[in-house]
Every structure is written in C-alpha cells, then in structure tokens.
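Asks: Structure incoming, see below.
The values are calculated or read from the model by the stated rules, or taken from the named source; none is laboratory data. All values reported here derive from a predicted model rather than from experimental measurement. Cβ coordinates were reconstructed from backbone atoms using ideal geometry, including for glycine residues, and neighbour counts include every protein chain displayed. The accessibility values were calculated without ligands, DNA or RNA, using every heavy atom of the protein model including side chains. Shrake-Rupley method; radii C 1.70, N 1.55, O 1.52, S 1.80 Å.
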Amino acid sequence: MDLHVSRIFVFPIKSCGAYEAEEWQLESYGFQYDRCWAVVSTAGVCMTQMEDPKLCLVRPYIDLQKGTMTLVYAENEDEVPMVVPLDTKHSDTKRMGKICWGGHLEGIDCGDEVSEWLSWNLDRPGLRLVRITSRTSAVNGYEKIDPLVFGNNQCQYLLSTQSTLKWLQQEMEDNIAEIDEDSLLFRFRGNFLISGNSLPPFGEMYWDKLDIGGVKFQFVSGCERCKMVNIDQDTSESIYKPMKILGQHKWEGKLIFGIYMKREDTQKCKIRVGQKCTVINKRN
C-alpha cells in the first residue's frame, strides 16, 4: 500500500494551535513538547476549546536552536508576539489545574508576562500558562489514560489517515458544505497523518502494530470524538460540523476519527515526513 508519513504535528499548549514539522523527536510521553503546557483559569481549570474556542487562535512556533516558543494570536501581524522559553526554570510558583474528564495537571507557572498576554488576547482576566510536570488521575476516573502522558487526553500519539480524511471531506461536501482539506484535518488535532495507495477509509481501525522508520507503535483504541471537532481552527467558529457525519457512520456505536497509538520503547528517536510505514499485525 506504500504507506508513509505525510504530515507531523505537535500541539505544545493543550487545546491551542498546531506546530507542523518535517521531523520531530519522540520522548517517553510522546512527541517532544506535545501538550506540555496548559492554560489554567482563575477557577483552577485547565482550559480547552470547549470552554473557550478562541484558544485555537493561539499559534505556537518552536525554534529548537534558540530554545524558544513564540506565540502569535490569530496570525495578527500587528499584535506583539510572546516568546516563552522551552525549558522553564523551576520556581516556587506551582499551580494545579482540574482536567475536564477528572484528575489534575500540576506544573510550573510561566510568569506574569505571558499570563497578561493570554488574558488580553482571549479577553479572560487571570489566565496562567503552566508547564506541566505531573498528572494525577481521578479516583474511579478515566481508566484508559496512559500514565506516561502529560496533557494528552488519553495516549501518547494520535494518528489519522489521508483516506479517512478524504472520505469525510467528500461526505461533508455531499451532505453539508464544501470544506478545505486542511481546515478539516486541523479540527482533529492528530500527531501523524499517514498516506498511501489503496488504503480504504477507516482501514487504520484494523491495524494492531505499526512500524514507522523502524519505530514500533501499538494500537490502543479508536479516538472517540466530542463536539470540539465542529470548531473551525482558523476562525474559532462552530461551523460545517463533521460531528453530524461521524454520527451517521458510527464505529462500534461510537463517533470515531483517528486512532490512539503507544510506544513501549522509551528511547529518544526521531520520525520524519516521508518515512515508510509498515503494518506488522492486523486486528480481527
């Protein structure tokens, strides 16, 4: 099927914009810097686009050479960007944030300057940016959460395929409205996009083990979707809603798009666009 990696995305701040890369390092918790920061409200809640869709307009740009993450709001050239160091210094100011599905994230406060920048742009006083250092799960909470991850919803990696994306794009065009492929892709916030000839829509649901450039990944589950995928990541508006289509084509009774994958090996390594993907085992 000539499967290969066609896109790579990292989401440094939970529920904020994506950073696209040609090559990226893998850590024990997932992609380096993926969901390693969170925006915490005055009520002590980790903000997501469910609370404020405008979070998607906060776009990060990572410079590994300089060791910085530059934040831009809504690609506004007139707005002063905010530069945050990738390696936040340990301080006495630590904060916790409640997670919507139970438990807490704990981390280091990144300071007043970025706090004021976020609060101004999102028009929400008192927001704090926190570099996540640990996570606790709720008692009797979401049992599927990988203990290695920080800000990810459930698992280290989220993968989708070009064939399923194309299928959904066509269904949207036939039933709702024409939508740009990238606009649709960004709504699902995956780390990998896998492309290949003759791969059927939802073919990834049958993968068990996957080799990407010699790195082994294990299927965990399909990614069950919520109404956050209805938010246009370019405008923050809820428009052209793919949830309607997914609801008409449920997978085992669930609204699924993409699959969660994990990596047992915790050694650092890199994945790059163009690398070959091989399905080692398939599920029944």
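Asks: Add +1 for every Lys or Arg and -1 for every Asp or Glu among the other residues with Cβ under 11 Å from the Cβ of Val130, and state the total.
Replies: In short, +3.
Asks: Local charge sum around Glu173 (other residues, Cβ-Cβ under 12 Å, Lys/Arg +1, Asp/Glu -1)?
Replies: -4
Asks: Considering Cα pairs under 8 angstrom that are at least six residues apart, work out the relative contact order of the chain and quote it in whole percent.
Replies: 24
Asks: Determine the order of Glu252, Glu27 by accessible area, beginning with the largest, at a probe radius of 1.4 Å.
Replies: Descending order: Glu252, Glu27.
Asks: In addition: Using only alpha-carbon positions, what ratio does the radius of gyration of the chain give when scaled by 2.2 N^0.38 Å?
Replies: Computed over Cα atoms of the chain, the ratio equals 0.98.
Asks: Per residue, what accessible area does the chain have, given a 1.4 Å probe and all protein chains present, in Å²?
Replies: Spelled out: the 1.4 Å probe surface of the chain, per residue, equals 48 Å².
Asks: Using R₀ = 45 Å, calculate the FRET efficiency as 1/(1 + (r/R₀)^6) where r is the Cβ-Cβ separation of Met50 and Glu264; round to 0.05.
Replies: Calculated transfer efficiency: 0.90.
Asks: If ligands, DNA and RNA are left out, what is the accessible area of Asp232 with a 1.4 Å probe, given in Å² to the nearest 10?
Replies: 20
Asks: Here's something else I'd like to know. Run the count for the stretch 150-284, please: Lys pairs, Cα-Cα under 16 angstrom, 8 or more apart or on different chains.
Replies: Taking the stretch 150-284 as the scope, the lysine pair count is 17.
Asks: Over the Cα atoms of the stretch 153-280, what radius of gyration and what Dmax do you get, in Å?
Replies: Cα radius of gyration and Dmax of the stretch 153-280 are 14.8, 45 Å respectively.
Asks: Also, I was wondering about something else. Per the 1.4 Å probe, what fraction of the accessible area of the stretch 182-284, in percent, lies on carbon and sulfur atoms?
Replies: Of the solvent-accessible surface of the stretch 182-284, carbon and sulfur hold 45 percent.
Asks: Same structure, new question: Label Gln65 and Glu178 with points 7 Å out from Cα along Cα→Cβ: what is the distance between them in nm?
Replies: Result: 4.1 nm between the two label points.
Asks: Now for a separate question. Measure nothing but the geometry: give the 0 to 90° angle between the long axis through the Cα atoms of 162-175 and the longest principal axis through the Cα atoms of the chain, rounded to 10°.
Replies: 90
Asks: Sticking with this one: Quick one: which of 34-41, 3-10 comes out on top by average Cβ neighbours within 10 Å, and what's the full order, highest first?
Replies: Result, highest mean Cβ count within 10 Å first: 34-41, 3-10.
Asks: To the nearest 10 square angstrom, what accessible area does Leu255 show with a 1.4 Å probe?
Replies: 30
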